[in-house]
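See structure below.
The values are calculated or read from the model by the stated rules, or taken from the named source; none is laboratory data. Here the structure is a predicted model, which is why all the values come from computation and not from measurement. Every residue, glycine among them, receives a Cβ derived from its backbone with ideal geometry; neighbour counts consider all protein chains shown. Just the protein is used for accessible areas: all its heavy atoms, side chains included, with ligands, DNA and RNA removed. Shrake-Rupley method; radii C 1.70, N 1.55, O 1.52, S 1.80 Å.
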Amino acid sequence: MAVKQEELNFSRNEQSETTMLPGSFAKAMRTNVIWQFIRFVVINLKMLVVVSKSH
Amino acid sequence: MARVVILGGGVSGHTAATFAAKWLGNGHEVVVVTPNAKWNWIPSNIWVGVGQMKKEEVTFDLAPVYKKAGITYKQAKAVSLNPEGSETETKPFVTIEYTGQSKTGETEDVTYDYVINATGPKLNFGATPGLGEGSQLGDHTVSVCTADHAEHANHKLLESIEKMKKGERQKFLVGTGHGMCTCQGAAFEYIFNIEHELKKAGVRDMADIKWISNESFLGDFGMGGLHMKVGGYVVSSKIFSESLYAERGVDWMIGAHVSKVEAGSIDYELLDGTTGKENFDFAMLIPPFAGVGLKAYGKDGSDITDTVFAPNGFMKVDAKYDAGAYENWKASDWPRTYQNPTYNNMFACGIAFAPPHIISKPMSSPNGTPINPTPPRTGMPSGIIGKAVAHSVCDLITKGESAHLHEASMAEMGAACVASAGKGLTTGTAAAMTVYPVVPDFEKYPGTGRDTDYTFGEIGLAGHWIKHVLHHLFIYKAKLKPGWTLIPE
Ligand SMILES: Cc1cc2nc3c(=O)[nH]c(=O)nc-3n(C[C@H](O)[C@H](O)[C@H](O)COP(=O)(O)OP(=O)(O)OC[C@H]3O[C@@H](n4cnc5c(N)ncnc54)[C@H](O)[C@@H]3O)c2cc1C
């Protein structure tokens, strides 16, 4: 059975041991074009609010 | 007819100059003094540094843009200010030295009614022995601070990739080259771009990649870190950053002051006082920033540089410089109008203004070496401040000296930061972050100092697309193409 990437990353050294790592679902969503298009719209809107609050 | 002289045609100065020219029209003169012939969208230098963009894609000629805007352009560097004039000149003036326009080396005194100092940072490589001399990059490391530096960095990166393809392991060291650096965000973006390119080139397994920085924890970013909404949680940027590094197999060394650079190695001192050496084959170390070294003289020729500028060379503005110890620091210490307290017709914007103090918690090693990030003044705040200052100056000219000054405090302003790896539309990925406000306000937000509705972070293609959009949008805006005023800073 192939070892999951997070198993390798967590075990690299002490520094990496205590952090959080994305699993395969979270990673897949990062490059899922439909989901990311929705996030693109949402992040842009949020950024616009930050910009308008800053002027 | 009034004359406004803007020193520096970078992010902040270009914003100030173009808005001032638009608002003042033909009745008054706007002059830009800047040593560079080209404008540079600095954030995209990162992509030049990994060969994903050419220098020409991140720069354009300033002369035609200023001609179109009716701005007088002097390709020169400001050397000194005479805010009271001199024994032979009644008006205040700035002494400039040409760097182009067939007048290289010639000096001129340019009188002004208002002056805006937007000279940005001196890249102070000389502060670390071996990192460089003065503002010149040395031979041992690379930089991405200018488009030329980034091109050179890419050549060195390609050399390393070639070596790895031939079976030679390479060690990459990326981060800050001194205990008092800022701009960790740029190095952060660069290290992940390198990691991405090495994967693409099929040599990732031949590379050891290490981050070195003066932050006391990963994710400090010179802002004392931030708590942001990530996937429904409010998370410290420490966890967010550590996760990114661990996921990509990048090691880190933090709380580090680089004390010496030599061919293939650096000497460092850590916050706990330990010292050591770290070897590298390729190193990109950001230099510390200082003011560009403008002098100021009184009417009688006496040196009044200390009155106008802080010891780090940045211009004094309406900040609270005597806030004292960290425990006493408040959001209200930060400047609002950026007017010089001694001379009302002088303003500073962008990196050129002297901050009241740092944002991160001050730290030093047991040997007394200060090791803490200095405050970032990124693109969005630099642009917003440049616009606010231009607005104030225009109002002072058109409405009279009692006009209300426009305000833009970094404690009431957000910033967006997109650190993007790769350039392909579906193959890249980015960490998109916004922070509001940049300077934490613990009176308003006692836990995190920030509004967690507007301080968030996310990894994915969406942020990557935003980075692409920002690249084209800001270059379009800086070229003053139709509708440029509608694009926010
Ligand atoms: C590699 C890198 C990546 C970055 N990425 C991001 C990012 O993704 N997002 C973000 O928000 N910010 C980013 N930043 C920060 C951003 O570039 C700066 O905040 C911004 O450029 C500051 O604007 P400024 O006008 O104060 O200085 P600058 O843009 O540096 O402009 C200063 C100008 O003054 C001129 N000058 C210097 N000396 C003199 C003199 N004596 N007389 C007259 N003119 C002079 C210079 O030639 C220059 O044109 C990045 C910075 C770097 C180095």
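Listed conditions (1) surrounded by fewer than 23 Cβ atoms within 10 Å (Cβ to Cβ); (2) within 16 Å of the ligand (Cβ to nearest atom); (3) of a type in the set (A, V, I, L, M) are all met by B:Val418, apart from (1).
With the condition being over 26 Å from B:Ala246 (Cβ atoms), more than 7 Å from every other protein chain (Cβ to nearest Cβ) and not hydrophobic (A, V, I, L, M, F, W, C), I'd like the helices (runs of 4 or more DSSP H) fully within segment A:2-55 carrying at least 3 qualifying residues. Give the derivation first.
Values: elements: A:5-10, A:14-17, A:24-30, A:33-54.
So the answer is none; nothing clears 3.
Just wondering, is there one or more residues in segment B:14-31 that are within 15 Å of the ligand (Cβ to nearest atom) and within 14 Å of another protein chain (Cβ to nearest Cβ)? The answer is yes; a qualifying residue exists.
Residue count for segment B:310-322 under the criterion of being over 18 Å from B:Thr337 (Cβ atoms) and either touching a residue at least 24 places away in the same chain (Cβ under 8 Å) or β-branched (Val, Ile, Thr) (or both): the result is 2. Within segment B:248-278, the residues that satisfy the criterion of being crowded, with 19+ Cβ neighbours inside 10 Å, within 14 Å of another protein chain (Cβ to nearest Cβ) and outside any strand (DSSP E or B) are B:Val250, B:Ile254, B:Gly255.
Conditions (1) open to solvent by less than 40 Å² (accessible area, probe 1.4 Å); (2) assigned to a loop (DSSP other than H, G, I, E, B); (3) within 14 Å of B:Phe353 (Cα to Cα); (4) at pLDDT below 95, marked per residue:
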{"residue": "B:Leu285", "(1), (2), (3), (4)": "yes, no, no, no"}
{"residue": "B:Val292", "(1), (2), (3), (4)": "no, yes, yes, no"}
{"residue": "B:Ala296", "(1), (2), (3), (4)": "yes, no, no, no"}
{"residue": "B:Gly301", "(1), (2), (3), (4)": "no, yes, no, no"}
{"residue": "B:Gly313", "(1), (2), (3), (4)": "yes, yes, yes, no"}
{"residue": "B:Asp318", "(1), (2), (3), (4)": "no, yes, yes, no"}
{"residue": "B:Tyr321", "(1), (2), (3), (4)": "no, yes, yes, no"}
{"residue": "B:Ser332", "(1), (2), (3), (4)": "no, no, no, no"}
{"residue": "B:Arg336", "(1), (2), (3), (4)": "no, yes, yes, no"}
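Yes/no matrix, rows are residues, columns are (1) under 23 Å from the mean Cα position of the chain (by Cα); (2) open to solvent by less than 40 Å² (accessible area, probe 1.4 Å); (3) farther than 26 Å from A:Trp35 by Cα; (4) more than 9 Å from every other protein chain (Cβ to nearest Cβ):
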site: B:Ser402; (1), (2), (3), (4): no, no, yes, yes
site: B:Met413; (1), (2), (3), (4): yes, yes, yes, no
site: B:Ala432; (1), (2), (3), (4): yes, yes, no, no
site: B:Pro440; (1), (2), (3), (4): yes, yes, yes, yes
site: B:Tyr454; (1), (2), (3), (4): yes, no, no, no
site: B:Gly457; (1), (2), (3), (4): yes, yes, no, yes
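For segment B:186-211, taking the residues that are over 18 Å from B:Gly428 (Cβ atoms) and more than 13 Å from every other protein chain (Cβ to nearest Cβ), the one that is nearest to the ligand (Cβ to nearest atom) is identified as B:Ala187.
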